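Read the structure below first, then the notes.
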Amino acid sequence: MPVVFRHAGFRFLFYANEGDPREPPHIHVIKDGIDAKFWLFPDVALAYNDGFNAKTLRELVEIVRDNRREIESAWNDFFGETD
């Protein structure tokens, strides 16, 4: 489970086994046992939320948007995909 970065106690990561066929690029955000998943394309969008409040989700969307290129690059490096 590669952690791409950490911010304010949140871990931004993806899982090594992302389905077969593999799901499109996305990022999981975990803190205190709570997990949310965000699709990266075509726009950053919430895929699911397991307990974060609306304010936190809005903040997380902004963080994911601001770091989308870094996340996509880490995804491509890990899974051997090209940009």
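The values are calculated or read from the model by the stated rules, or taken from the named source; none is laboratory data. Just so we're clear, the structure is a prediction, and the values are computed from it rather than from any experiment. When we count neighbours, we look across all protein chains shown, and the Cβ atoms used for this are built from the backbone with ideal geometry, even at glycine.
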Take the residues in segment 27-58 that are surrounded by 15 or more Cβ atoms within 10 Å (Cβ to Cβ) and of a type in the set (D, E, K, R), then tell me which one is nearest to Phe14 (Cα to Cα). Lys37
Yes or no: Ile63 surrounded by 15 or more Cβ atoms within 10 Å (Cβ to Cβ) and touching a residue at least 24 places away in the same chain (Cβ under 8 Å)? yes
What residue, among those in segment 1-18 that are free of Cβ contacts under 8 Å to residues at least 12 places away in the same chain and farther than 19 Å from Asn49 by Cβ, is surrounded by the fewest Cβ atoms within 10 Å (Cβ to Cβ)? Asn17
Checking the structure you have, find out if any residue of segment 57-69 is under 19 Å from Glu81 (Cβ atoms), at pLDDT below 95 and among the basic types (Lys, Arg). no
